[in-house]
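First the structure, in the form of structure tokens, and then the observations on it.
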């Protein structure tokens, strides 16, 4: 144990293979070396949410590939720089060693997280998405809801019959865009989907790298709503999230830019969707400036501005760009006022 300094190394010492995924902002794989660098506090966690790292560990025995892997869901608090609090990691390891001993084995690990304060249970929707992505990665069959969901997206069941479609089935379709004609199936369905199933689909698509054709269909659906007399915020928020990992950044950014040009973008749910799921768009300086101006004039007030800005300053991908924008001498007077109030809040004045 003396030579083992990370959780990853400890688990691998028992002969297990490990796949790491974020379960917070986006259900996405984290490379092993990147996670070890995080464990060694060399780098910040790439996808912090509520100043914590929400992690899924998929533990498999390479000698027994026929046995389904075990899944651990753990969360670690982060310091002010977004790095791992080693005291938390060490406490987690202490609980683990007490449960397993110094040499982990598969049988003992099944109940290893029982009563562990760092374990958590994801919401059912997140579990459905994770399960869909995992079975696809393992080349296992989709759930029993899959065929029903495909039939719905084909329009065979009637677009209003969405309440009979299981969330797991929609997640399975989204995770398998490379199979069974699902890319074309989803693309064709987007103009016709009622807002609620569109929202579920987009919540699943936000975890996938989507094609140009799906991105274009989503953007057109969003713009169609935006140009109506009363745009539907449910549709607009869903489209932002569904576009967040588009292969065509220009489609995503152009849509968000047009959204920010509309008065409806003062809504807190739309601003939160951009910051929480489509944060890469804020790398564009003009879009970021427009976003911050809208955020400064949001419908929920100063407290909402403070929360979103704190989140973006904490996120490694947006921290430096946000800091630069806060120093921008061309910012509006209103922006200067809310930024001043933000720093007063941070200082506890």
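Details
- Share of alpha-carbon pairs per 10 Å distance bin for the stretch 124-207, given as whole %: 20, 59, 20, 1
- Pair-distance profile P(r), taking every C-alpha pair of the stretch 7-109, with 5 angstrom steps and integer %: 2, 13, 22, 25, 20, 12, 5, 1, 0
- Our estimate of slack between residue 258 and residue 33, defined as 0.36 nm per intervening residue step minus the Cα-Cα distance, is 77.1 nm.
- Size descriptor, Kirkwood hydrodynamic radius, that averages inverse alpha-carbon separations across the stretch 212-349, Å: 15.2
- Additional length obtainable on full extension of the chain from residue 157 to residue 90, 0.36 nm per residue less Cα span: 18.9 nm
- Under 14 Å from the residue 327 label point (7 Å along Cα→beta-carbon), backbone N, the stretch 20-56: none
- Measuring r between the beta carbons of residue 286 and residue 310 and using R0 = 30 Å, the FRET efficiency lands at 0.85.
- Note on the chain: Cα-only Rg and Dmax are 21.9, 66 Å.
- Projected over every direction and averaged, the convex hull enclosing the alpha-carbon atoms of the stretch 242-306 yields 4.0 nm².
- Segment residue 164-residue 268, extension gain: residue separation times 0.36 nm, minus the distance between their alpha carbons: 34.4 nm
- Gyration tensor (Cα) of the stretch 269-349, equivalent ellipsoid semi-axes in angstrom: 17, 14, 13
- Most fluctuating residue given options 245, 323, 333, as computed from a GNM of the chain linking Cα atoms under 10 Å: 333
- Pairwise centroid distance, computed over Cα atoms, of the stretch 179-244 with the stretch 49-68, Å: 30
- Whole-number Å³ per residue for the convex hull built on Cα positions in the stretch 190-252: 63
- Principal axis dimensions, the stretch 148-281 - Cα atoms, whole angstrom, descending: 39, 29, 20
- With the highest mean first, a sort of the peptides 206-217, 85-96 on other beta-carbon atoms found within 10 angstrom per residue produces 206-217, 85-96.
None of the figures in this text is laboratory data; all of them are computed from the coordinates on show. None of these values were measured; they are calculated from a predicted model. Cβ atoms come from the backbone with ideal geometry, glycine included; neighbour counts cover every protein chain shown.
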